[in-house]
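Structure first, then comments.
The values are calculated or read from the model by the stated rules, or taken from the named source; none is laboratory data. None of the values given here were measured: they were computed from a predicted structure. For neighbour counting, all protein chains shown are included, and Cβ atoms are generated from backbone atoms with ideal geometry for every residue, glycine included.
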């Protein structure tokens with residue numbers, strides 16, 4: 001590149017023969033003295049070495065020679081000023097190329113070098129050539145770096161040293177040597193040409209913005225060095241990094257043309273920092289809705305506080321996506337679980353708050369709460385230090401009074417809990433390789449529509465996905481795999497949980513979950529759990545099995561369909577109710593369990609696939625559909641597939657309503673169950689009262705509450721063998737367990753009837 005050729009810019013000053021009135025003895029600025037008619041200067045028309053030349057006697061401490069014309073200084077353009085000189089008589093001076101840096105307004109640019117290297121003339125008559133390179137960029141070989149603030153210069157030379165010497169000077173040359181600084185690739189703008197220093201101290205942000213503005217479709221080059229950004233910077237051009245960038249946490253570095261994780265890693269030189277800055281830029285720039293990791297693996301030394309990465313935002317509700325990469329947890333102390341014990345008081349009247357909490361300032365948001373009467377997956381959702389209160393994600397079922405609670409804060413690879421609200425956020429095609437060191441993702445405290453798609457949660461130490469509050473509203477988890485770190489342990493020894501959710505409308509679809517203690521705990525309602533395969537067995541004989549899916553809302557309004565439930569069971573409780581006894585609510589209702597495959601092996605005889613566990617008295621089933629499922633045990637049979645866990649309370653079987661427990665298949669189940677239950681009863685001897693015992697075939701050991709039809713299968717006959725035309729009435733809930741039906745005929749008859757018995761009350 002040569003501006004004289006490409007743009008027709010004139011850099012070369014006129015020869016001395018054109019007149020000395022344009023050559024100043026000062027700085028070259030307008031009004032300064034010239035060498036025209038000066039007593040110590042004369043034009044020599046024919047020197048044996050130079051031809052035309054200027055003869056000059058040194059009369060000042062610094063004898064200056066400056067061309068008074070304004071030689072332009074352009075970003076990216078580098079000038080070399082050259083002079084040939086020889087001593088004629090007197091003292092031998094020292095000579096150097098010099099210039100006066102001019103700002104656009106006409107003043108001098110202070111603080112920049114305005115002369116080049118010095119050379120002392122060695123002897124009389126010996127020609128010495130001196131030169132210096134001037135430019136805006138701090139590049140190797142540039143003698144006078146003037147930065148972007150200089151727009152022109154007055155160039156020439158200085159004579160220093162003892163006075164009295166006489167020298168002759170050939171015509172001074174100024175040439176564009178930008179070609180020397182061109183790299184292998186053309187079409188690139190160098191930030192140094194616009195004033196970037198790259199020493200880690202100078203604020204290079206203005207130079208980056210100036211280079212970006214000048215690029216006009218070309219790439220911007222950041223050469224080797226450390227470039228400090230004193231403010232936020234947005235680059236509209238593609239940027240190539242050989243050097244690295246530093247900036248404050250509050251400042252945003254936005255790459256609009258090459259916005260992806262590898263570019264940020266190149267920019268910041270540190271994977272964790274690069275991810276934080278890229279995430280910050282994504283939430284501060286409407287030009288990009290996704291951060292593509294481009295297949296990069298980020299090795300984490302500790303949790304990434306996603307909210308701290310974006311200090312200017314506590315909430316965000318525009319769609320954003322992180323995709324295509326892996327996070328890998330290194331073995332570091334930062335992953336250690338934080339454990340705090342504090343005394344606190346719980347009252348069901350203020351059911352989501354612990355009051356009078358000691359040591360409250362040390363209790364972290366997102367900690368799991370443990371204590372007497374505390375259900376599973378209760379988290380700290382907020383802390384009020386002044387009031388000594390801890391806010392809870394769920395109610396406590398039996399913790400009234402004062403006790404010592406334990407708070408365990410697991411560490412997560414990506415921790416969003418600092419956000420008050422984060423909605424419409426997605427993570428796609430990302431693997432969280434926890435390696436048993438840490439947990440994977442903690443959700444924000446509030447938000448709607450968090451979405452995980454095609455992700456792997458591999459070997460989490462404690463949790464895959466945790467929700468400390470209601471940031472899981474409408475959460476979707478699609479086609480993900482949760483691979484436990486506890487697969488080699490017995491079920492009873494496992495503690496890890498794939499995920500939990502507190503709010504409503506969660507969709508878990510087509511996921512695969514391997515050998516956790518629990519797959520999912522859903523505390524909200526209106527959930528859909530579909531197409532998943534979760535298995536939790538071990539190699540022990542007659543082994544303990546844990547709940548795979550846990551529902552803790554009585555009126556759960558949840559559909560569980562087309563899943564493969566493998567060596568575990570579904571548990572339905574109300575452990576997140578501060579008043580667990582029934583009190584005018586809907587009770588255990590609105591569960592659809594349809595078209596699933598249930599399979600288990602090596603289980604204890606008392607194992608069941610469906611467990612209802614009320615934590616208070618008076619509850620009942622009201623609107624439950626269990627149909628189209630396949631239940632099978634692959635070795636030793638079990639008694640039944642369903643039961644009520646009465647550890648805390650039993651159900652009120654008199655109030656059961658609207659139950660459809662039908663069209664299921666049973667393999668190696670000793671007592672298949674159904675309601676409505678179609679059965680056939682044969683009375684061999686005449687009797688006016690027939691006692692029918694369907695008990696073991698009724699779900700949940702419930703009462704034989706209703707008979708919807710009775711039809712003789714052939715004639716009814718009296719003791720003499722005569723056909724008797726008589727219709728019976730039934731008496732329900734008979735016998736000590738109230739699971740018998742009595743048919744009253746009014747006369748003694750024998751024969752066979754088919755009948756339909758239900759455990760629910762139609763009224």
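Is one or more of the residues making up region 596-604 part of a loop (DSSP other than H, G, I, E, B), free of Cβ contacts under 8 Å to residues at least 60 places away in the same chain and more than 36 Å from the chain's Cα centre (by Cα)?
Checking region 596-604: not a single residue is part of a loop (DSSP other than H, G, I, E, B), free of Cβ contacts under 8 Å to residues at least 60 places away in the same chain and more than 36 Å from the chain's Cα centre (by Cα).
Yes/no per residue for (1) outside any strand (DSSP E or B); (2) on the phi > 0 side of the Ramachandran plot:
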| residue | (1), (2) |
| --- | --- |
| 308 | yes, no |
| 323 | no, no |
| 326 | no, no |
| 343 | no, no |
| 358 | yes, no |
| 373 | yes, yes |
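Working only within region 143-171, note down all residues that are more than 23 Å from residue 124 (Cβ to Cβ) and surrounded by 21 or more Cβ atoms within 10 Å (Cβ to Cβ). Explain how you work it out, then say what you get.
Step one: filter region 143-171 for residues more than 23 Å from residue 124 (Cβ to Cβ), giving 143-155.
Within region 143-171, 144, 146, 147, 150, 153, 154, 155 meet the criteria.
Can we say residue 222 is over 24 Å from residue 103 (Cα atoms), modelled with pLDDT of 95 or more and surrounded by 18 or more Cβ atoms within 10 Å (Cβ to Cβ)?
Answer is yes for this residue.
Look through 104, 93 and report the one residue that is surrounded by fewer than 17 Cβ atoms within 10 Å (Cβ to Cβ), assigned by TED's automatic domain parsing to the domain that holds residue 44 and more than 16 Å from residue 172 (Cα to Cα).
Values: 93 fails: surrounded by fewer than 17 Cβ atoms within 10 Å (Cβ to Cβ).
None of the other options fit; the residue is 104.
Among the numbered criteria (1) at pLDDT 95 or above; (2) assigned to a strand (DSSP E or B), which single criterion is violated by residue 92?
Result: residue 92 passes all but (2).
Residues checked against (1) out of contact with any strand residue (DSSP E or B) (no Cβ under 9 Å at 6 or more places or on another chain); (2) within 16 Å of residue 699 (Cβ to Cβ); (3) part of a strand (DSSP E or B); (4) at pLDDT 95 or above:
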site	(1), (2), (3), (4)
726	no, no, no, yes
738	no, yes, no, yes
751	no, no, yes, yes
756	no, yes, yes, yes
763	no, no, no, no
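State the number of residues belonging to region 443-469 that are within 17 Å of residue 508 (Cα to Cα) and surrounded by 21 or more Cβ atoms within 10 Å (Cβ to Cβ).
Adding up the residues that qualify gives 10.
Here are 682, 737, 722: which of them is surrounded by fewer than 18 Cβ atoms within 10 Å (Cβ to Cβ), in contact with a helix residue (DSSP H, G or I) (Cβ under 7 Å, 6 or more places away or on another chain) and not assigned by TED's automatic domain parsing to the domain that holds residue 598?
737
Exactly one of these conditions fails for residue 97: (1) modelled with pLDDT under 95; (2) touching a strand residue (DSSP E or B) at 6+ places or on another chain (Cβ under 6 Å). Give me its number.
(1)
Would you pick out the residues in region 375-388 that are outside any strand (DSSP E or B) and farther than 30 Å from residue 458 by Cβ? Walk me through how you get there before you give the answer.
In the first step, residues of region 375-388 are kept if they are outside any strand (DSSP E or B); the result is 375-378, 385-388.
Hits for region 375-388 are 385, 386, 387, 388.
Sort through 46, 61, 83, 41 and tell me the only one that's over 15 Å from residue 171 (Cβ atoms) and assigned by TED's automatic domain parsing to the domain that holds residue 141. Spell out the reasoning first.
Details: 46 fails: over 15 Å from residue 171 (Cβ atoms); 83 fails: over 15 Å from residue 171 (Cβ atoms); 41 fails: over 15 Å from residue 171 (Cβ atoms).
Among 46, 61, 83, 41, only 61 is over 15 Å from residue 171 (Cβ atoms) and assigned by TED's automatic domain parsing to the domain that holds residue 141.
I need the full set of residues from region 578-593 which are in a strand (DSSP E or B) and either more than 35 Å from the chain's Cα centre (by Cα) or surrounded by fewer than 19 Cβ atoms within 10 Å (Cβ to Cβ) (or both), in order please.
588, 589, 592 - these are the residues of region 578-593 that are in a strand (DSSP E or B) and either more than 35 Å from the chain's Cα centre (by Cα) or surrounded by fewer than 19 Cβ atoms within 10 Å (Cβ to Cβ) (or both).
Can you find a residue that is out of contact with any helix residue (DSSP H, G or I) (no Cβ under 6 Å at 6 or more places or on another chain), without any contact (Cβ under 8 Å) to a residue 60 or more places away in the chain and assigned to a strand (DSSP E or B) anywhere in region 31-43? Full working, then the answer.
We begin by selecting, within region 31-43, every residue out of contact with any helix residue (DSSP H, G or I) (no Cβ under 6 Å at 6 or more places or on another chain); these are 31-33, 37-42.
Now restrict to residues that are without any contact (Cβ under 8 Å) to a residue 60 or more places away in the chain: 31-33, 37-42.
Pick out the ones that are also assigned to a strand (DSSP E or B) and you get 41-42.
Checked region 31-43: at least one residue is out of contact with any helix residue (DSSP H, G or I) (no Cβ under 6 Å at 6 or more places or on another chain), without any contact (Cβ under 8 Å) to a residue 60 or more places away in the chain and assigned to a strand (DSSP E or B).
Scanning for something modelled with pLDDT of 95 or more, farther than 19 Å from residue 515 by Cα and either assigned by TED's automatic domain parsing to the domain that holds residue 702 or surrounded by 16 or more Cβ atoms within 10 Å (Cβ to Cβ) (or both), does region 601-611 turn up at least one residue?
Among the residues of region 601-611, at least one is modelled with pLDDT of 95 or more, farther than 19 Å from residue 515 by Cα and either assigned by TED's automatic domain parsing to the domain that holds residue 702 or surrounded by 16 or more Cβ atoms within 10 Å (Cβ to Cβ) (or both), which makes the answer yes.
Among the numbered criteria (1) in a loop (DSSP other than H, G, I, E, B); (2) more than 17 Å from residue 121 (Cβ to Cβ); (3) in contact with a strand residue (DSSP E or B) (Cβ under 9 Å, 6 or more places away or on another chain), which single criterion is violated by residue 49?
(2)
From 596, 636, 629, which residue is surrounded by fewer than 16 Cβ atoms within 10 Å (Cβ to Cβ) and over 22 Å from residue 655 (Cβ atoms)?
636
Go through (1) at pLDDT below 95; (2) within 30 Å of residue 24 (Cβ to Cβ) for residue 126 and report which single condition fails.
Only one criterion is unmet by residue 126, namely (1).
Consider residue 138 carefully, then state whether it is assigned by TED's automatic domain parsing to the domain that holds residue 85, at pLDDT 95 or above and in a loop (DSSP other than H, G, I, E, B).
no
Per-residue answers, yes or no, for (1) within 30 Å of residue 297 (Cα to Cα); (2) surrounded by 23 or more Cβ atoms within 10 Å (Cβ to Cβ); (3) without any contact (Cβ under 8 Å) to a residue 12 or more places away in the chain; (4) not assigned by TED's automatic domain parsing to the domain that holds residue 496:
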{"residue": "329", "(1), (2), (3), (4)": "yes, yes, no, yes"}
{"residue": "332", "(1), (2), (3), (4)": "yes, no, no, yes"}
{"residue": "366", "(1), (2), (3), (4)": "yes, yes, no, yes"}
{"residue": "373", "(1), (2), (3), (4)": "no, no, no, yes"}
{"residue": "393", "(1), (2), (3), (4)": "no, yes, no, yes"}
{"residue": "401", "(1), (2), (3), (4)": "no, no, no, yes"}
{"residue": "404", "(1), (2), (3), (4)": "no, no, no, yes"}
